[in-house]
Amino acid sequence: MKLYKLSFMALALVATATSCNDFLEQEPPSSLTPEGFFSDESKVEAAANQFYQDVLPGHGNWSYGIYANDVQTDNQVNWWPDSKFGNGLWKTGNDNGNWSWGNIRNINYQLNNVVAAYKNKQINGADANVRHYIGEIYFMRAYCYFDMLQKWGDLPIVTEALPDEEATLVAANKRRPCNEVARFIINNLDTALTYLKSDFEKRHTRISPDVANLLKSRVALYEGSWLTNFAGTPFVPLGQGWPGANKDYNSGYQYPAGSIEQEAKFFFEVAAKAAETVAEKYKNQLATNTGSVPQKEGDPENPYFNIWGSIDMSGTPEVLLWREYSKSLGIVNCVEVAIQHGDYGVGVTRSLIESYLMKDGKPIYASSYKYDDGTVNKVAVDRDPRLTIFLKQPGQVNVFKNMSAPEDHYVLEEPLADIMGNNSELNYVTGYALRKGGTFDKSQTGNGNCANGAVIFRATEALLNYMEAQYMLNKNISSGKILEYWKIVRERAGFTGEAIDPQTTIAATDMNKEALDWGAYTAGQLLTDKVLYNIRRERRCELIAEGLRQMDLQRWRSYDQLMNNPAHIEGIHLWNSEQNQLYVDGGYNLRADGSTSATVSSPDLSEYYRPHEVNMSASNNYRNGLTWHMAHYLQPLPLKQFLLTAPDYATKENSPLYQNPYWPLEADQPAEK
């Protein structure tokens, strides 16, 4: 009976089995390949291809695709905040669907078999091709583990598709410290790099050494930041109250580098070196932003805008990996339709809008240009050229290509944003919306039948990763290539003159006026280091809607301040503004009484629209803002796993597993802190 249950638990790494008996009777599981399968190159390729679908991100249908992956941060929001921002709303459970090891098990099974076959010279085909596919599978394991690392911190390190043996399964539940997991991920990427071929595929739809190095820099930067910002807490090995210390197998643990400071340094050095490898190759190939948005046939193209607004991204050097879609093959998304309307229920926050600089490179409060947020159109005037091209503005043309095409889910001209409702196809969550990823192509506006490409990795991130990692090593802006890379990012973003120099921004920054930006905080304290803050700001503005904001806020420990000062998510300047008159003239019913029938938030709360505070009745758990608990930096392990791995089901405490900091071992309970 116990073996039956153990084989069902996630660490048995069952791949989509409907029951334990089903799994135990399958050898191998139906979703995997049998031993001896890898006899030729095409079969190794097929195994690698499957993980592109199973592991890597892409556009989901009926959504804004990957451009909505910053949602539930201070960049983008929808109408319903995540329970992690509520007071006691996130609770422990017997199950947690995110504690899912299916992909890792499948990868381990495939990898072990294909590597064995390769070493035994049993695979027919071009050696370089076979090696490349093996490298891709190593990369996929690293990618999966990094995703798990961000959710759970300490993890078991499993490299085999485990047999259904009780002792083996229980032993596999020993969690390794988060830094050891990060080292394991980096080692996997190093192994991948020994197999991957640099010129394997020209269209950038397959993993390359550049992609592996970019992910390596991302992982190392994450872990170096985590160790630095959570030092002394239960979230790092040997920190006060670290739950791993209660397990014998962690007894006497020491950092491989000698101390937490040296361990963080190790990761920052790895991040800087890997990022520099990519940055040096692509720093002169980055697309330049013209600052303008084409509005009719014959208008000059904007190469920077087209990085994302394309069906085919193979001609853009800085796109290191992208996912292709095809209407003819039925591999489609809904991105273009989302962009034609209100981004399918994803809005941009006032916090993000105000973090963008004016076009002279100075913050909105320190520029010779006047910042005016009286209307959405005025917000984009004399601003960072990235905001100018990506912020949707009333009156702009949304579609002008292939106008004879039959597809019909388009909006010819951008209207006044309708914020009064929560219809994802019609309404705008905050009044601000992005057009990032749009093509202006009517033939792509079939409902659920768009083929907009998805950027998965791009080279500019390498420059940003290097800047931060190198600065964290010595806190000197003149160190290495920080200033060189920073100026390149600024110039390609469309800045000119003195605005290209980040020193212009740094000198004009007043940290007390940057409090809306969650990234301006670490451990509940507003940063005093203006250089570090502006590195974070540059990253925020360059990587908007690319799905990295939550990861950054987590590793920077940028949520603590919400525990004492809940955040009130705001959008457009609704009251005491020209924007208000536009709604009045448009016949909109601005009911702001806080009732369940209210259409907008009250001016008594703020002049800015608060989408989560329209209904101020007791039924709205977020009417007083978004709060935080320390436990929420990591997820609670599913409680079922503790009993499944405890000897004779005695007590949860006897399991080799341990719960994450401040999460209880009782079901349906909120975080303790």
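E136 passes every criterion in (1) within 17 Å of L215 (Cβ to Cβ); (2) in a loop (DSSP other than H, G, I, E, B); (3) of a type in the set (D, E) apart from (2). All conditions but one from (1) open to solvent by 10 Å² or more (accessible area, probe 1.4 Å); (2) under 14 Å from I419 (Cα atoms); (3) part of a loop (DSSP other than H, G, I, E, B) apply to S601; the one that does not is (1). Entry remark, region 314-351: residues being among the polar types (S, T, N, Q), touching a helix residue (DSSP H, G or I) at 6+ places or on another chain (Cβ under 6 Å) and open to solvent by 10 Å² or more (accessible area, probe 1.4 Å) number 1 in total. Counting the residues of region 115-133 that are outside any helix (DSSP H, G or I), within 20 Å of I207 (Cβ to Cβ) and open to solvent by 40 Å² or more (accessible area, probe 1.4 Å) gives 2. Filtering region 369-403 to residues that are small (G, A, S) and either touching a residue at least 24 places away in the same chain (Cβ under 8 Å) or not in a loop (DSSP other than H, G, I, E, B) (or both) leaves only G374.
Taking region 250-271 as the range and being at pLDDT below 95 and either in a helix (DSSP H, G or I) or polar (S, T, N, Q) (or both) as the test, the residues that pass are N250, S251.
Here K296 does not qualify as open to solvent by 30 Å² or more (accessible area, probe 1.4 Å), basic (K, R), touching a residue at least 12 places away in the same chain (Cβ under 8 Å) and not in a loop (DSSP other than H, G, I, E, B). Looking only at residues in region 456-495 that are among the polar types (S, T, N, Q) and in contact (Cβ under 8 Å) with a residue 12 or more places away in the chain, which one is nearest to Q262 (Cα to Cα)? Ranking the candidates gives Q470 first.
Restricting region 237-283 to residues that are among the β-branched types (V, I, T) and over 22 Å from the mean Cα position of the chain (by Cα), the residue that is farthest from R183 (Cα to Cα) is T277.
Taking region 72-114 as the range and being part of a strand (DSSP E or B), open to solvent by less than 10 Å² (accessible area, probe 1.4 Å) and either closer than 23 Å to L639 by Cβ or of a type in the set (S, T, N, Q) (or both) as the test, only Q76 passes. The residues in region 582-613 that are closer than 19 Å to V71 by Cα and not acidic (D, E) can be counted, and the count is 4. Out of the residues in region 619-673 that are more than 30 Å from the chain's Cα centre (by Cα) and of a type in the set (S, T, N, Q), which is nearest to E166 (Cα to Cα)? Of everything passing the filter in region 619-673, T645 is nearest to E166 (Cα to Cα).
Within the option set F37, F51, being open to solvent by 40 Å² or more (accessible area, probe 1.4 Å) and touching a helix residue (DSSP H, G or I) at 6+ places or on another chain (Cβ under 9 Å) holds for one residue only, F37.
Taken as a whole, the structure leaves L169 outside the set of residues that are part of a loop (DSSP other than H, G, I, E, B), closer than 30 Å to Q50 by Cβ and in contact (Cβ under 8 Å) with a residue 40 or more places away in the chain.
The criterion of being under 23 Å from P234 (Cβ atoms) and open to solvent by 10 Å² or more (accessible area, probe 1.4 Å) does not hold for Q581. Given the conditions (1) open to solvent by less than 50 Å² (accessible area, probe 1.4 Å); (2) closer than 30 Å to A469 by Cα, report the number of the one that L637 does not fulfil. All conditions are met except number (2).
So in region 397-453, with the set limited to residues that are under 30 Å from Y608 (Cβ atoms) and acidic (D, E), which one is least open to solvent (accessible area, probe 1.4 Å)? Among residues in region 397-453 that are under 30 Å from Y608 (Cβ atoms) and acidic (D, E), the one least open to solvent (accessible area, probe 1.4 Å) is E414.
Does region 215-232 contain at least one residue that is part of a loop (DSSP other than H, G, I, E, B), within 22 Å of Y633 (Cβ to Cβ), in contact with a Pro (Cβ under 9 Å, 6 or more places away or on another chain) and of a type outside the set (S, T, Y)? The answer is no; no qualifying residue exists. Within region 429-450, residues that are without any contact (Cβ under 8 Å) to a residue 60 or more places away in the chain and over 23 Å from Q72 (Cβ atoms) reach partners that are open to solvent by 10 Å² or more (accessible area, probe 1.4 Å) and not in a loop (DSSP other than H, G, I, E, B) with beta carbons closer than 9 Å, at six or more positions or on different chains, in the pairs K442/K401; S443/K401.
The values are calculated or read from the model by the stated rules, or taken from the named source; none is laboratory data. Since this is a predicted model, take the numbers as computed values, not measurements. Neighbour counts run over all protein chains shown; Cβ positions are idealised from the backbone, glycine included. Quick note on the areas: whole protein, heavy atoms, side chains included, nothing else; ligands and nucleic acids left out. Shrake-Rupley method; radii C 1.70, N 1.55, O 1.52, S 1.80 Å.
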